[in-house]
Amino acid sequence: LPDAAGLKAGLAAEAPRAVPDFLEPDPIKAAPGAYPLTALTYAAVAPASLDAKARSEYAAFIAYGAGAGQSPGLLFGDLPPGYVPLPDNLKAQSVAAAAARSASAIRTISVCPVPVDVRSASASASSR
């Protein structure tokens, strides 16, 4: 089962490929102790298709996800079992993307965490 150390090691082994600032797993790269299915989910938006209010709401959602939404726990808004907080560099990337969303229509990629192993998240949540 994945644990925080394995997920963080898996994330550290990811690197940009075709799209700058978009981390992807590298199946060839050796990553001792890494959980092999570590994954990030990127949120994207076409800002030109949104009005100013919608851009601001989207930016607030991303800012929450990169800030207060990074607390592990079982309460509404917490990161459930199977998730780990983003490292500081990805939090900063998300906050910058949120600010860009709110201020303009510049295309930026935002980062949100995603569970790596749904089975372990369900098992952990149901055993409490």
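Any read-out appearing in this document is the output of simple, stated calculations on the displayed coordinates, not a laboratory observation. Treat the numbers as computed from the prediction; the structure is a model and nothing was measured. All Cβ positions, even for glycine, are placed from backbone atoms using ideal geometry, and neighbour counts span all protein chains on display.
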task: Return the long-range amide H neighbours of Ala43 (sequence gap of 5 or more, or a different chain), with a cut-off of under 5 Å between placed amide H atoms.
output: Ser110, Val111, Cys112
query: Each residue of the range 21-35 in order: what ³J(HN,Hα) in whole Hz does its phi give by Karplus 6.51 cos²θ - 1.76 cosθ + 1.60, θ = phi - 60°, with x for Gly and Pro?
result: 6, 10, 7, 9, x, 10, x, 8, 5, 6, 9, x, x, 7, 6
- line: Simple SL model, points at 7 angstrom along Cα→Cβ for Leu75 and Ala12; separation in nm is 3.1 nm
- prompt: How many angstrom separate the Cα center of the range 48-104 from the Cα center of the range 4-29?
  reply: 20 Å
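Loop-only trypsin sites (Lys or Arg not before Pro) in the range 1-93, please: DSSP not H, G, I, E or B, and at most 11 other Cβ atoms within 10 Å. Spell out each step's value before the answer.
Details: sites: Lys8, Arg17, Lys29, Lys53, Arg55, Lys91; in loops: Arg17, Lys29.
For trypsin sites (Lys or Arg not before Pro) across the range 1-93 that sit outside H, G, I, E and B with at most 11 neighbouring Cβ atoms in 10 Å, the list reads Arg17, Lys29.
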